[in-house]
Amino acid sequence: MTDRSEMFDRLKGLIEPFNKKGVEVGETTTFAGDLEWDSLTVMDFVAEVEDSFDIIISMNLQAEIENVGQLVDAVTKLTAA
Amino acid sequence: MTDLFSKFDALIAQREGLLATGVKDPFSLVMEEVKSPTVAVVNGKETILLGTYNYMGMTFDDDVIAAGKQALDEFGAGTTGSRVLNGTFQGHKECEDALKEFYGMDHAMVFSTGYQANLGIISTIAGKGDYIILDIDSHASIYDGCKMGDAEIVAFRHNDVEALEKRLKRLPADAGKLVVLEGVYSMLGDVAPLKEMIRVSKEAGAMILVDEAHSMGFIGENGRGVAEEQGVLDDVDFVIGTFSKSVGTVGGFCVSNHPKFEIMRLVCRPYVFTASLPPAVVACSAASIRKLMHNGNKRAHLWENSRNLHKGLRDLGFKLGTPDAQSAIIAVIMPDLEKGAMMWAALLENGLYVNLARPPATPAGMTLLRCSLCAEHSSEQVADILSRFERAGKAVGII
């Protein structure tokens, strides 16, 4: 599971600048609930992830991603393609 | 039983909290009398209208009203039918002919509202496996059109050409792509860099739709909008517009040079499954569109009004949505919703109506007092508007 934990660490690093509340970030941390991100923060963060991995996270896919673990899975899948 | 309305509890509480502070409900205003495109009676008081999008003041134009009355007499009150069944009258064709002439395009399709025009065109032309690339600050009707269709939706940062280009390059080269842009964004009244955006979109093989709702009639040499102003209208595949702003009636449209465009009349559900516009509305609209083709002086006066209001408000110390007057919308940024509602109410007490706009309709969670100017506002009215803003702003403590 090294690949997965590497991906988690990388995404956690991208989350940190947006983690204004200093929430402890784990697999089950939710973006709307735990991190309390509004739609504007979500947009900035998504753009950051997209540019870092050179991928597109469509709004259709964003609607299915609620927590960090789901984001790790989604980005892993998108970068493998 | 689960009360299906419990999901609205937070909004109900916010609204009640706001009304408890003593402000009047900004979302239940009634115009008791409308005297002209710029003056109405509200709460028994004569009020200057500065939030109606009635940019060219066509609502009371003599020729427009006469055309509507004649159509009412000759064709009746309504069509009672869909455009594709019994609901296309002579007036609907004349309205579409006026639009084709106005834009210099081959095809025009009139919808019952501007909302339905975006809903219908976007949801129909972009299907499963296609991509819609849109500005994050797009109008609700664009988002709803995306939601109704089956395409993949990709958003990019507002008016950011580089962000658009990057995303286009990441999409599969052979996938169908529709880039959706607006000429003027209605919340802040800012204009899009369409020239650059259309260039990068064309390079990526995308089709382009531009919503010119807030520019028709006064931006561009012939009033065709921002794409015309920036010299790129020929590269736009679909222009969406509305009759409920400069045209002064209600309805929406799409104009296009696409050779297969007419098939949309059979496959576009928000066009097919609703009744067409009443005869009087299409007659008023056609008369208005034809007059808008030759309105140079009115346009110049509208721009003068917009620049004067922008400068005046800035000089008074208000924070504005754009550094200069880019359209006929001037957005005044309020510190928060409560102050915004207080300022809105204070303006109304001073006999001035503006739009109160708040999240989620606004970008970045802002509360805005949105002012839209009319070519029929006199220079004296604009001066009057500024003094009312000054009085209200000082009373509420914003300036």
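Things to note:
- Taking every residue in A:53-63 and counting other chain Cβ atoms within 10 Å of its Cβ, the average works out to 5.
- Sorting B:54-60, B:160-166, B:9-15, B:20-26 by average packing, meaning the other beta carbons within 10 Å per residue, from highest down gives B:54-60, B:160-166, B:20-26, B:9-15.
- One quarter of the surface of the convex hull around the alpha-carbon atoms of the protein assembly as shown equals 25.6 nm², the direction-averaged projected area.
- Averaged over B:145-158, number of beta-carbon atoms from partner chains that fall within 10 Å: 3
- Number of partner chain Cβ atoms within 10 Å, mean per residue of A:38-49: 3
- Shape of region B:39-106 from the C-alpha gyration tensor: prolate (a/c of 1.5 or more and a/b above b/c, with a ≥ b ≥ c the square roots of its eigenvalues).
- FRET efficiency for the residue B:319 to residue A:12 pair, using the beta carbon distance and R₀ = 35 Å, is estimated at 0.45.
- Projection of the Cα convex hull of region B:206-308, averaged over all directions and equal to a quarter of that hull's surface, yields 7.7 nm².
- Here the relative contact order of chain B, from alpha carbon pairs under 8 Å that lie six or more residues apart, stands at 23 percent.
- By the count of neighbouring beta-carbon atoms within 10 Å, fewest first, B:150, A:34 end up ordered B:150, A:34.
- Distance from region A:1-75 to region B:1-56 (C-alpha centre basis), Å: 38
- Amide H contacts of residue B:367 (H built 1.01 Å from N, in plane; Pro and chain starts excluded): B:334 sit under 5 Å, all sequence-distant by 5 or more or on other chains.
- Approximate spin-label separation residue B:170-residue B:82, in nm, with each point projected 7 Å along Cα-to-Cβ: 4.0
- Per-residue ellipticity at 222 nm computed for the protein assembly as shown from its helices equals -13000 deg cm²/dmol, with DSSP H segments shorter than 4 residues left out and the rest contributing -39,500 (n - 2.57).
- Net charge, residue B:341 excluded, C-beta distance under 15 Å - Lys, Arg +1, Asp, Glu -1: 0
- Relative contact order of region B:61-292, pairs being alpha-carbon contacts under 8 Å that are 6 or more residues apart, as %: 32
A short reminder: the numbers here are calculations on the coordinates, not readings from a lab. For clarity, every value in this text was computed on a predicted model and none was experimentally measured. Cβ: placed from backbone, ideal geometry, glycine included. Neighbour counts: every protein chain shown.
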